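Contents: one structure, followed by commentary.
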Amino acid sequence: MTNLATAAKTFLIPLAASVALYAAAAPFASNANAQAATTLKAPIYGVTLDDLSNINAIITSLTKLPYKPTVRVVFDPGTTAAEYYPALVKLHTVANVMGEIMDSYYFPTDINTYTARTKELVYGLNGTVDVWEIANEINGEWLRQNPDGSNTTVNAEEAAIGQMVAAANSIVKGVGGKTAITLYYNDDSKGNNCWEKPQDYWKTWPTTFLPAAVRQGANYAFFSYYPYQDCPGLSPSWGADFSALESIFPNAKVGFGEIGTSSTGAPTSVQTNLMKTYYPMVNANRDPKFVGGFFWWYYAEEMVPYTKAYWTLLDQTIAPLKVPQ
């Protein structure tokens, strides 16, 4: 999620008995056959969980949705795989799981930190995650130490970020896992943009800063899209934009890795319009590589328990749409 939404970055998981359960049930696996990843059926009806503290109510709400969802779990810095494991086991029984290794707002400045974190999560959560999001909003200027630095500084910092993603890619692919890369949609290619520097442009960032092996090996390539306040004034041509994304990541399925607003306080009309506009794209978009996704950011806050109005809106929005297959 973008740097405008720090208030949403709370992720509390009860620790009671989790370490013991983890030790008994979560093998540390680094061999090529370790990841029994599920192939996600399309279309993907995704939601984001940035808080698992109410896990039983989350499970209930997910099971009541019309189709089996894919949940994107945000792993916060300062936590351990052991803390997440019991909840991930439960989630994986009712949903597919995409693990966001590190939200863009918390992206580190050194490769050792990102490599260590990726190894801990990928090895420690073996068998509970189907896709690893190894790069979240990776072209956002807020990932840099110097968002408005000189071209030399910006290029050096972006190159370092690309190397971190490459390292994470090697770890995930090394255990037979699937990868997803999410770009922040910040330019409509019509003269409207919200990037800080030209290097941040989603069309050129990957080809400039990601190794070819990472781009060619990506299983999913997604857009993060926050048109309300975060990046307003754009006029996307999604058909052309997804075609461009497919040319950058030639072996990937494409879609949205994140949509939403930077605050739960955004007008109801805005949030309703986003959900009712984007989830139904799975019926309207004829691109065979388009799988949907969407991953509404505030599922835990706005749709749990399932009696909340936004849960009903999501339920009614996706019920008449394509059946995943």
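The values are calculated or read from the model by the stated rules, or taken from the named source; none is laboratory data. Everything quoted here is computed from the prediction, not taken from an experiment. Positions of Cβ are backbone-derived with ideal geometry, glycine not excepted, and every protein chain shown enters the neighbour counts. Accessible surface is based on the protein model in full, side chains and every heavy atom, while ligands, DNA and RNA are left aside. Shrake-Rupley method; radii C 1.70, N 1.55, O 1.52, S 1.80 Å.
Please get the size of the charge dipole for the chain, origin at its Cα centre, with Cβ charges of +1 on Lys and Arg and -1 on Asp and Glu, quoted in debye to the nearest 20.
In debye, rounded to 20, the chain gives about 1060.
Out of Val214, Val94, Val71, any idea which swings most in a Gaussian network model of the chain, alpha carbons joined below 10 Å?
Fluctuation is largest for Val94.
Checking the table Lys289/Lys322; Lys119/Lys197; Lys178/Lys289; Lys68/Lys276; Lys64/Lys253; Lys173/Lys253 against a 21 Å threshold on Cα-Cα, which pairs fail?
Lys119/Lys197; Lys64/Lys253
Quick one: which residues, 5+ away or cross-chain, put their amide H under 5 Å from the amide H of Ile134? H built at 1.01 Å from N.
Ala180
Taking the highest mean first, how do the peptides 188-196, 60-68 order by number of other beta carbon atoms within 10 angstrom per residue?
The densest-packed peptide leads the list: 60-68, 188-196.
Quick one: pull the percent of accessible area on the chain belonging to carbon and sulfur, 1.4 Å probe, ligands and nucleic acids left out.
53 percent
Label-point separation (nm) for Ala284 and Ala57, each offset 7 Å from Cα along Cα-to-Cβ?
3.3 nm
Per residue of the stretch 282-295, in order, report the coupling 6.51 cos²θ - 1.76 cosθ + 1.60 (Karplus, θ = phi - 60°) as ³J(HN,Hα) in whole Hz, putting x for Gly and Pro.
Couplings: 5, 8, 8, 7, 8, 5, x, 8, 7, 10, x, x, 6, 6 Hz.
What residues qualify as long-range amide H neighbours of Phe290, i.e. H under 5 Å apart, gap of 5 or more or another chain, H built at 1.01 Å from N?
Residues meeting the criterion, in which the H sits 1.01 Å from N, are Val254.
When only Cα pairs under 8 Å and 6 or more residues apart are kept, what is the percent relative contact order across the chain?
That works out to 22 percent.
If you place +1 on the Cβ of every Lys and Arg and -1 on the Cβ of every Asp and Glu, how big does the dipole about the Cα centre of the stretch 73-179 come out, in debye to the nearest 20?
460 debye
Amide H to amide H, which residues 5 or more places from Leu49 or on other chains are under 5 Å from it, using H placed in the peptide plane?
Arg72, Val73, Val74
Given the C-alpha centroids of the stretch 85-147 and the stretch 154-190, what is the distance between them in whole angstrom?
12 Å
³J(HN,Hα) across the stretch 118-128 via Karplus (A = 6.51, B = -1.76, C = 1.60, θ = phi - 60°), whole Hz, x for Gly/Pro?
Each residue's phi maps through the Karplus curve to give 4, 4, 4, 6, 5, 6, x, 10, 3, x, 10 Hz.
Provide the gained length on full extension for the span Gln216 to Tyr67, in nm with one decimal, where the gain is 0.36 nm per separating residue minus the Cα-Cα distance.
Extra length available between Gln216 and Tyr67 comes to 50.6 nm.
With θ taken as phi - 60° and the coefficients 6.51, -1.76 and 1.60, list the Karplus ³J(HN,Hα) couplings across the stretch 156-163 in order, rounded to whole Hz; mark glycine and proline as x.
Computed from phi, the couplings for the stretch 156-163 are 5, 5, 5, 4, 5, 4, x, 5 Hz.
Counting only DSSP beta bridges with both residues in the chain, tell me the antiparallel percent, nearest 5.
5 percent
Modelling each spin label as a point 7 Å along the Cα-to-Cβ direction, I'd like the Gln229/Ala116 distance in nm, to one decimal.
Using points 7 Å along Cα→Cβ, the separation is 3.6 nm.
Excluding Gln199 itself, calculate the net charge of residues whose Cβ lies under 11 Å from the Cβ of Gln199, where each Lys or Arg counts +1 and each Asp or Glu counts -1.
Here the count lands on -3.
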